[in-house]
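Worksheet: one structure, shown below.
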Amino acid sequence: MVRPYDDADGEELWSLKEGFETGLGEGTGGEEKAEQYAAKLTDSYRGEWLSWVADCVGEDERCVQVAEGDVGLAGYVFVLPESAKFVWDAAVLNEIYVAPAHRGTGVADDLMDAALAFARDMDLPLDRMVLDVDGENERARAFYDRYGFSHWGEMVARDL
């Protein structure tokens, strides 16, 4: 079952967030990338991120939705609030993550369906959803392809 995030879910959501972040560097960029993502997961980052979650959920409870497993949370999806619609002139799928034990069970589909339903209710400059995916993450790319996502530019980055 997918439902809106509640403050009582904070510890479990953070645990899933850690899995999301450490998974970003896993197998798609070598040890250096994995170390960079793991290193940022400090107590300070945790507090700031959970505060940002609360702010977004304060705008619309559907910004962060969670999937319940048999015991605890199985995954989450985080769509930026409508107030951020000018970031990419579209709905932004910020994060989607399913715990490894729940992959292949339909949880990701349920979360994506909830995210798309939320985005369809937004008043957007362009009726589309955008996200960032590592080109080396074949599992994620196949999932997004199945949902009709297509290449639309490319994100580049540099150190500050």
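Values quoted throughout were computed directly from the atomic coordinates according to the rules given, and no laboratory measurement underlies them. Remember, predicted model here, so these are calculated numbers, not experimental data. Quick reminder, even Gly has a Cβ in these numbers, built from the backbone with ideal geometry, and neighbours come from all protein chains shown.
Listing for the model above:
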| read-out | value |
| --- | --- |
| Under 5 Å, built H, 5+ apart or other chain: amide partners of G75 | A67, A99 |
| Calculated log₁₀ intensity ratio I(q)/I(0) where the Debye formula runs over C-alpha points of segment 1-92, q = 0.16, 0.17, 0.18 Å⁻¹ | -0.75, -0.83, -0.91 |
| Helix-derived mean residue ellipticity, 222 nm - over the chain, DSSP H n ≥ 4, -39500 (n - 2.57), to 500 | -13000 deg cm²/dmol |
| Karplus 3J(HN,Hα) series, Hz, for segment 113-127 with 6.51 cos²θ - 1.76 cosθ + 1.60 (x for Gly, Pro) | 4, 5, 5, 5, 4, 4, 4, 5, 7, 7, 8, 10, x, 10, 7 |
| Fraction in percent of alpha-carbon pairs per bin - 5 Å, segment 85-160 | 3, 13, 24, 25, 19, 11, 6, 1, 0 |
| Local electrostatic count at G135 - Lys and Arg +1, Asp and Glu -1, tallied over other residues with Cβ under 12 Å | -4 |
| Spread of Cα-to-Cα distances over 10 Å intervals beginning at zero, given as percent, for the chain | 10, 38, 41, 11, 0 |
| Net length gained if the chain between D127 and R139 were fully extended (0.36 nm per residue, minus Cα distance) | 1.8 nm |
| Extension reserve of the E18-V156 stretch, reckoned as 0.36 nm per residue once the Cα distance is removed | 47.3 nm |
| Approximate spin-label separation E35-Y147, in nm, with each point projected 7 Å along Cα-to-Cβ | 3.3 |
